[in-house]
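All remarks here apply to the structure that follows.
The values are calculated or read from the model by the stated rules, or taken from the named source; none is laboratory data. Just so it is clear, the model here is predicted, and its values are computed rather than measured. Heads up, the Cβs are rebuilt from the backbone with ideal geometry, glycines too, and the neighbour counts pull from every protein chain shown. Side chains included, ligands, DNA and RNA excluded: accessible areas come from the protein's heavy atoms. Shrake-Rupley method; radii C 1.70, N 1.55, O 1.52, S 1.80 Å.
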Amino acid sequence: MTAIKEITVFSVGDANDLKTWSNVPYFFTKTLEIKGYKVNRVNIEENKTLFTIYKYTAFVFLKILCSNSNHTYFRSKLNYKLTNKKIKRSLEKFSNTDAAIFLTFSFSAPENFKKKVVSFGDWTYLYYLTTFLKREPKWFEKNCLEREKRHIDNADLVLGLFPLSSTFIRKNYSNVNTHYLGNVINSNYELNKDFVLELKKNSKKLLFIGDQKYLNGALELIEVFKKIKPNYSDLELHFIGLTESDTSINANGIHYQGYLNKSIAEENKLYYKLLSEAMVIINSTNDWGGFSSLTEAMYFYTPVITRPYDEFTETYGSKIDFGYFIDQNNTLISCIEKLLKSSKEEHLKLMLSAHSTVKDHTWDNYITKMMDLI
């Protein structure tokens with residue numbers, strides 16, 4: 001078998017930009033290059049003008065038919081045709097490509113492409129509809145679901161970023177070469193264990209990472225913070241990804257940073273400063289508590305308080321020793337107070353366990369396992 005030397009990676013957004021999809025395309029392609037592969041990056045993001053036109057025409061009609069539809073221009077037949085032309089031109093341009101990797105299940109290589117094809121994603125559109133929106137597909141969603149199924153069934157290798165979504169693929173699609181290789185830490189900051197543990201030792205900083213999708217969890221945390229703040233004068237609550245205008249709440253001890261772009265040096269520095277100083281990371285949003293940010297925080301010795309949503313418990317277990325689950329026995333306020341009242345030895349144990357749980361989830365390990373399968 002000919003060794004793979006050159007790989008073309010297709011991503012929805014610029015793979016050189018850390019802002020794209022929770023940093024995944026950036027670390028995916030950078031790690032391939034570090035391992036000696038020639039990488040061609042192709043951005044297959046949809047046309048912004050056409051996206052906007054669709055949003056205020058067809059999408060308005062679809063939202064009337066189904067209020068929780070997100071069938072944007074990205075999933076339209078027109079975008080599919082235009083993107084396929086871009087994919088075909090790119091593979092003709094990079095004619096020495098030994099493998100084409102798609103960081104999405106929505107697109108794939110042309111049928112006449114004779115090299116290896118890999119489909120990689122967090123979850124399929126069908127999984128999103130049935131698991132997160134908890135509904136059956138509508139008639140206008142059937143075409144993109146059929147296309148997605150064809151891409152997955154015909155790929156040489158299918159990789160799901162989460163265990164349950166990978167199981168879903170194995171059950172609902174015909175590709176037997178579907179694998180879950182573990183999750184990954186999206187960090188470009190060099191970790192100094194002793195420095196971080198020293199910062200966290202006496203910390204009273206609560207950290208929340210997430211944008212407006214997690215607003216309900218943020219508002220719940222703010223209400224709890226306001227209740228316990230009078231008992232802990234040095235307690236602080238820091239938000240990354242949200243601003244005061246998002247919550248409309250200004251209270252003593254609450255600090256908003258908004259979105260921090262890791263590709264900007266000063267914002268990167270502030271992001272990892274907050275991560276290194278945080279006593280705990282909290283996201284109580286139902287069904288999905290910001291998996292990637294929690295995992296990265298755990299790598300930086302940060303205990304976790306979250307609800308036990310399925311993908312998290314499937315990855316890390318239904319009982320955790322690196323933080324607390326909010327459940328029928330533990331409220332958000334009781335979890336925070338339990339941590340605040342814990343001894344330094346108990347807190348250290350949580351911190352060490354958090355790091356130990358995710359320390360092997362490196363991009364180097366992930367790409368090594370992927371290339372072995374390819």
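Dividing the alpha-carbon Rg of region 45-129 by 2.2 N^0.38 Å yields what?
Values: Rg = 15.2 Å, N = 85, 2.2 N^0.38 = 11.9 Å.
That ratio works out to 1.27.
What is the sum of charges around Y127, taking Lys and Arg as +1, Asp and Glu as -1, for the other residues whose C-beta is under 14 Å from the C-beta of Y127?
Details: positive: K134, R135, K149, R170, K171; negative: D122, E136, E141, E148, D287, D310, E311, E314.
Charge balance in the 14 Å sphere: -3.
Once you list every other residue whose beta carbon is under 10 Å from the beta carbon of G241, what net charge do they have if Lys and Arg are +1 and Asp and Glu are -1? Numbers along the way, then the final one.
Working: positive: K213; negative: D211, D246.
Its environment carries a net charge of -1.
The relative contact order of the chain, computed from alpha carbon pairs under 8 Å that lie at least 6 residues apart in sequence, is 14 percent. Taking the chain as a Gaussian network, where each spring joins two C-alpha atoms under 10 Å apart, which residue of T357, T29, T57 fluctuates the most? Looking only at T357, T29, T57, the biggest GNM fluctuation is shown by T57. Positive end of the charge dipole of region 244-311 (Lys, Arg +1 and Asp, Glu -1 on Cβ, about the Cα centre): tell me which of Y272, S248, F291 has its Cα farthest that way. Selected residue: Y272. Largest accessible area first, the residues S284, S67, S22 order themselves as S67, S22, S284 under a 1.4 Å probe with ligands, DNA and RNA left out.
Surface composition of the chain: carbon and sulfur atoms hold 50% of the protein heavy-atom accessible area at a 1.4 Å probe. By the equivalent-ellipsoid construction on the alpha carbon gyration tensor, region 242-374 comes out with semi-axes of 25, 22, 16 Å, ordered largest to smallest.
What you get for region 105-257, charging only the Cβ of Lys and Arg (+1) and of Asp and Glu (-1), is a dipole of about 420 debye around the Cα centre. Comparing I185, N172, L197 along the charge dipole axis of the chain, the residue lying farthest to the positive side is N172, per the Cβ-charge model. Computed on region 122-242, with alpha-carbon pairs under 8 angstrom and 6+ residues apart, the relative contact order is 20 percent. Dipole magnitude for the chain: computed about the Cα centre from +1 point charges on Lys and Arg Cβ and -1 point charges on Asp and Glu Cβ, it is near 1020 debye. I need the Debye-formula profile for region 68-214: one equal scatterer per C-alpha, no solvent, reported as log10 I(q)/I(0) at q = 0.12, 0.17, 0.18 1/Å, two decimals. So the normalised log intensities work out to -0.65, -1.04, -1.11. Heavy atoms of the protein chains alone define the surface here; on that basis the chain has 47 Å² accessible area per residue at 1.4 Å probe size.
Taken as Cα centroids, region 251-266 and region 1-78 sit 26 Å apart, rounded to the nearest whole angstrom.
Note on the chain: dipole from Cβ charges, positive end direction compared against H71, I34, F312; the farthest Cα belongs to H71.
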